Amino acid sequence: MKDRGSAPHPAPQTPAGLDDSASPAFEARGFGGGAPAAEPHVFELRGRSGVFGGGPTDFAYVPRDAHAEIRSAAGGRFALAGARCERRLTPGYGPAEAVAVELRGAGQCSRQVNNFAAAGPDGFDCDRLIAVEVLTPGGNWSSYPPHKHDEHHPGEESRLEEIYYFEIAPHGDTPGLGYQRVTPSPAGKTDILTEVRTGDAVLIPDGWHGPSIAAPGHDMYYLNVMAGPGGTREWLIRDHPDHGWIRGTWDGQDIDPRLPFPRAEDHR
């Protein structure tokens, strides 16, 4: 993942699924000065077998005005998350075992959140960027109740644009699918009800977003990437007034027993 400046620079990548054989390591070369480094930072990432098969992955963070190089002996697929920023922080490595895993909701609203770059004490230090992974068992409603973060209200709501990138687990040879809803808010006019499949992304500049619906038999993954102009990096949301009451029902329900999705060490 990357915090980037106002001008584009060559970007590193964080893994969405990598070979599990490489050992984690970090080596920095050429970092310093106001211009991009002549030599890249080198990250060796352990990765995981896939978004559904290994819990959180390790990742690399590269600040603005820096180069990075991602290596994988066996190849792999990578996710790149970035945001415009002002401060240049220290490049770093995030081990998978340090990623805070949160089980959110209950019953058919149960989902798992891998808070690898969340805002707050459990997240990785970034300038503007906020990024988490959400995994939802098939048949469940995620990102619910509908909520928004498109206006600045101190202590109540932070202004953040957001991207949802989806992968949906197949059932045998049948590709998976799900649905995403975004409804207009006072701050904007975004109005979306769309089918989502693996590789789809939904852009949310404003609006009440949710639910993200996983079709029965098809687990849903999405990568949430957020950033905004506020002076404090924080994730403060406001529930839709018609649907926020659902949170009050979760106290009497169990979390879906299919959660959490297994970490890599659970397979060993």
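The values are calculated or read from the model by the stated rules, or taken from the named source; none is laboratory data. Remember, it's a predicted structure, so these values are computed and weren't measured experimentally. Using ideal geometry, Cβ is built from the backbone for each residue, glycine included, and neighbour counts are taken over all protein chains shown. Each accessible area value is taken on the protein alone, full model and side chains, heavy atoms only, with ligands, DNA and RNA left out. Shrake-Rupley method; radii C 1.70, N 1.55, O 1.52, S 1.80 Å.
Of all the residues that make up region 123-152, how many are open to solvent by 20 Å² or more (accessible area, probe 1.4 Å) and within 20 Å of L259 (Cα to Cα)?
Here the count works out to 3.
Return yes when T194 is open to solvent by less than 70 Å² (accessible area, probe 1.4 Å) and more than 19 Å from the chain's Cα centre (by Cα) and no when it is not.
Here the answer is yes, as T194 does meet what is asked.
Only one of (1) modelled with pLDDT under 85; (2) in contact with a Ser or Thr (Cβ under 9 Å, 6 or more places away or on another chain); (3) not aliphatic (A, V, I, L, M) is not met by P12, so which one is it?
Looking at each condition in turn, P12 falls short on (2).
If E39 meets every condition in (1) open to solvent by less than 20 Å² (accessible area, probe 1.4 Å); (2) modelled with pLDDT under 85; (3) of a type outside the set (F, W, Y) apart from one, which number is that one?
E39 satisfies all of (1) open to solvent by less than 20 Å² (accessible area, probe 1.4 Å); (2) modelled with pLDDT under 85; (3) of a type outside the set (F, W, Y) except (1).
Just checking, how many residues over region 218-247 are within 16 Å of W141 (Cβ to Cβ) and open to solvent by 60 Å² or more (accessible area, probe 1.4 Å)?
4
If I filter region 197-214 down to residues being free of Cβ contacts under 8 Å to residues at least 60 places away in the same chain and farther than 22 Å from L160 by Cα, which single residue comes out as most open to solvent (accessible area, probe 1.4 Å)?
Once the filter is applied, the top-ranked residue is R197.
Taking into account only those residues within region 153-174 that are assigned to a loop (DSSP other than H, G, I, E, B) and of a type in the set (A, V, I, L, M, F, W, C), which is surrounded by the most Cβ atoms within 10 Å (Cβ to Cβ)?
Looking at residues that are assigned to a loop (DSSP other than H, G, I, E, B) and of a type in the set (A, V, I, L, M, F, W, C), I get L160.
Checking the structure you have, find out if any residue of region 135-152 is in contact with a Cys (Cβ under 7 Å, 6 or more places away or on another chain) and over 15 Å from D219 (Cβ atoms).
Looking for residues that are in contact with a Cys (Cβ under 7 Å, 6 or more places away or on another chain) and over 15 Å from D219 (Cβ atoms), one finds at least one in region 135-152, hence yes.
Looking at R77, is it closer than 30 Å to P211 by Cα and modelled with pLDDT of 95 or more?
So R77 fails the test.
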